[in-house]
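Below: the structure, in structure tokens.
Throughout, read-outs are computed from the coordinates displayed, never taken from laboratory work. Source: prediction; values computed, not measured. Counting neighbours? That spans all protein chains shown, and the Cβs are built from the backbone with ideal geometry, glycine included.
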Amino acid sequence: MHIIVPLRQVPDLVEDLEIDASGKDLDREWLKYKMNEFDDHALEEALLLKEEVGGAVTAVALDGGEVDKLLFTAAAKGADRLVKVRGDFPTPLNSHAMARALAGAIQGLDYDLILTGVQAVDELDGQVGVLLAHYLGIPHVSVVTDVQVHDGKAVVHKEYAGGVMGEFDVILPAVLGIQAARQTPRYAPVSRVRMAMRKSTIEEVSAEASAEGAPDIRKLFKPEKGAGAQMLEGSPEAVAEKIIHILKEKGIVQ
């Protein structure tokens, strides 16, 4: 079985994020990047499937930023093949452009299953997997929390609101958007990443992508700060009376 896992670089949210002069994107000059958390779960699920049924895992990422480090980290975790996709991609990169570029690169590869992260922290629309499946003309299921593969199909569990779980039989090849792997993504120590840098090879392919169909970003802005929380002290009875008084003041209760 051959599993492809598209990986995405996202800004490290522990860093201070600043908006650039255009007001439509982040100032990326000094940004630090990391693997998208949901993509890490997709990679872990792929590695678990490889251990269970055999096969190989290919990590694919669009060129830019620290993409080489991203791919070598995937190799350190257990990916067998690394592919970097080069092209003139729009900035900022949106889900439509990313899906088109990935589809163009993946069409030239053999695969049985594609596992994507369900969404990315810098664009919470969850559309890359959906659009990728559309461009490749194969089935798609998203918000997946469990995958079992046998007899040319995948049995997947999809999470719905309220804790409801659905089970689907999906004919392969297919794209699955992984919400969470069955176990915590494995850690790749720096020593193993450095070893991957020496021993692994990054293949390069070319692809084209346009941002057509993506929403137009007019303005980015930081959330406005509120007045802050009001701390209520005293016994439970006294706090309850204060809450009732506040609610009456605001006209929420009579």
(message) I'd like the residue in segment 29-62 that is assigned to a loop (DSSP other than H, G, I, E, B) and under 19 Å from the mean Cα position of the chain (by Cα) and, out of all such residues, is nearest to PRO185 (Cα to Cα).
(response) ASN36
(request) Hey, could you check segment 122-147 for residues that are within 9 Å of LEU176 (Cβ to Cβ) and of a type in the set (Val, Ile, Thr) and say which is farthest from the chain's Cα centre (by Cα)? (result) VAL147
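Could you look through segment 41-62, keep only residues that are charged (D, E, K, R) and within 17 Å of THR116 (Cα to Cα), and pick out the one that is surrounded by the fewest Cβ atoms within 10 Å (Cβ to Cβ)?
Residues of segment 41-62 charged (D, E, K, R): 44-45, 50-52.
Now narrow it down to the ones that are within 17 Å of THR116 (Cα to Cα): 44-45, 50.
Details: GLU44: 22, GLU45: 26, LYS50: 18.
This residue is LYS50.
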(message) For segment 1-21, give me each residue that is loosely packed, with under 14 Cβ neighbours inside 10 Å and hydrophobic (A, V, I, L, M, F, W, C).
(response) LEU13, VAL14, ALA21
(request) Scan segment 87-97 and give yes if some residue there is aliphatic (A, V, I, L, M) and in contact (Cβ under 8 Å) with a residue 60 or more places away in the chain, otherwise no. (result) yes
(request) Could you figure out which of (1) more than 18 Å from ALA42 (Cα to Cα); (2) over 20 Å from the mean Cα position of the chain (by Cα) isn't true of TYR160? (result) (2)
(request) Would you please list the contacts, defined by Cβ atoms under 6 Å and residues six or more apart or on different chains, that run from a residue in segment 229-246 that is in contact (Cβ under 8 Å) with a residue 12 or more places away in the chain to a residue that is of a type in the set (Val, Ile, Thr) and outside any helix (DSSP H, G or I)? (result) none
(request) Identify the residue in segment 68-89 that is over 18 Å from the mean Cα position of the chain (by Cα) and in a strand (DSSP E or B) and, among all such residues, is nearest to GLU44 (Cα to Cα). (result) ARG81
(request) Please list, ordered by first then second residue, the pairs with beta carbon atoms under 9 Å, 6 or more apart or interchain, first in segment 187-216 and surrounded by 13 or more Cβ atoms within 10 Å (Cβ to Cβ), second part of a loop (DSSP other than H, G, I, E, B) and among the acidic types (Asp, Glu). (result) ALA209/ASP88
(request) Go through segment 221-241 and give me each residue that's assigned to a loop (DSSP other than H, G, I, E, B), farther than 23 Å from LEU93 by Cβ and out of contact with any helix residue (DSSP H, G or I) (no Cβ under 6 Å at 6 or more places or on another chain). (result) PRO223, GLU224, LYS225, GLY226, ALA227, GLY228, ALA229, GLN230, MET231, GLU233, GLY234, SER235
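Does any residue of segment 110-123 turn out to be of a type in the set (Val, Ile, Thr), touching a residue at least 40 places away in the same chain (Cβ under 8 Å) and either surrounded by fewer than 17 Cβ atoms within 10 Å (Cβ to Cβ) or over 18 Å from LEU7 (Cβ atoms) (or both)?
So the first thing to find is which residues in segment 110-123 are of a type in the set (Val, Ile, Thr), and the list is 114, 116, 118, 121.
Adding the requirement that they be touching a residue at least 40 places away in the same chain (Cβ under 8 Å) leaves 114, 116, 118, 121.
Imposing the further condition that a residue be either surrounded by fewer than 17 Cβ atoms within 10 Å (Cβ to Cβ) or over 18 Å from LEU7 (Cβ atoms) (or both) reduces the set to 121.
Yes, there is a match, as at least one residue in segment 110-123 is of a type in the set (Val, Ile, Thr), touching a residue at least 40 places away in the same chain (Cβ under 8 Å) and either surrounded by fewer than 17 Cβ atoms within 10 Å (Cβ to Cβ) or over 18 Å from LEU7 (Cβ atoms) (or both).
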